[in-house]
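The values are calculated or read from the model by the stated rules, or taken from the named source; none is laboratory data. The structure displayed is predicted, hence computed values, not measured ones. Using ideal geometry, Cβ is built from the backbone for each residue, glycine included, and neighbour counts are taken over all protein chains shown.
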Amino acid sequence: MKTALYLLAGLLLLAALAIQLGALRGKRPADLGVSNGRLKPPSLTPNSVSSQASLYPDHPQRTYAAIAPLPAKLGAASIQALAAELAAMPGISIVEQRPDYVRAEAETRWMRFTDDLEFWFDPARKVIELRSASRLGRKDFGVNRERIEAIRAAWLARP
């Protein structure tokens, strides 16, 4: 009985160590970015949100993923200001930044799950199109939508 408890404790310790070292981060997608005025489509499972979901009418998660873009309060300069806002948020780090695009990663505190966030200034619509998606798991339990709405609230509260 003691041996089984030691074995279980050892396995739990190894699992906790693996999690802290990034076992649940997932692999960074190679196909992120803007192509022909479009961000990557929403995920095929309910674990992403996209302000461009309507561009994919036959997509199985179009309704679940649909979310409004951010207002581009500062025109093209909005992306730089948004990147500064994102960098100040806990758990979010900027991975790529261009004058019209920013990509960030959001990492959960304990389990170290990583989600990919993208923001692109659409000069035609004068909005910031966005996408946020989990790397692992079939469902996100609303985490991506909640995070984007927190970013929206911070963005709108900015002078």
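Go through region 121-156 and give me each residue that's under 15 Å from the mean Cα position of the chain (by Cα) and in a helix (DSSP H, G or I). Residues satisfying the conditions are Val143, Asn144, Arg145, Glu146, Arg147, Ile148, Glu149, Ala150, Ile151, Arg152. A Cβ distance below 7 Å, combined with a sequence gap of six or more or placement on separate chains, defines the contacts here; from region 63-74, residues that are over 16 Å from Ala154 (Cβ atoms) reach residues that are assigned to a loop (DSSP other than H, G, I, E, B) and not basic (Lys, Arg) in the pairs Tyr64/Pro46; Ala65/Pro42.
Pull up region 112-154, narrow it to residues that are more than 22 Å from Leu74 (Cα to Cα) and exposed (fewer than 14 other Cβ atoms within 10 Å of the Cβ), then point me to the one that is modelled with the lowest pLDDT. For region 112-154, the residue satisfying everything is Arg138.
Table: residues versus (1) at pLDDT 95 or above; (2) out of contact with any strand residue (DSSP E or B) (no Cβ under 9 Å at 6 or more places or on another chain).
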residue: Pro46; (1), (2): yes, yes
residue: Ser50; (1), (2): yes, no
residue: Ala53; (1), (2): yes, no
residue: Pro60; (1), (2): yes, yes
residue: Tyr64; (1), (2): yes, no
residue: Ala68; (1), (2): yes, no
residue: Leu74; (1), (2): no, yes
residue: Gln80; (1), (2): yes, no
residue: Ala83; (1), (2): yes, no
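For region 73-98, the set of residues classified as loosely packed, with under 13 Cβ neighbours inside 10 Å and over 18 Å from the mean Cα position of the chain (by Cα) consists of Gly75, Ala76, Ala77, listed by residue number. Tally time: how many residues in region 120-150 are under 12 Å from Ala106 (Cα atoms) and in contact (Cβ under 8 Å) with a residue 40 or more places away in the chain? Qualifying residue count, region 120-150: 7. Residues that are surrounded by fewer than 14 Cβ atoms within 10 Å (Cβ to Cβ), in contact (Cβ under 8 Å) with a residue 40 or more places away in the chain and touching a Leu at 6+ places or on another chain (Cβ under 8 Å): does region 100-109 have at least one? No, the conditions are met nowhere in region 100-109. Is it true that Ala16 is farther than 23 Å from Val102 by Cα and either at pLDDT below 95 or basic (Lys, Arg) (or both)? Answer is yes for this residue. For region 44-72, a residue qualifies if it is of a type in the set (S, T, N, Q), touching a Lys or Arg at 6+ places or on another chain (Cβ under 9 Å) and buried (at least 19 other Cβ atoms within 10 Å of the Cβ), and the qualifying residues are Asn47, Ser48, Ser50, Ser51, Gln52.
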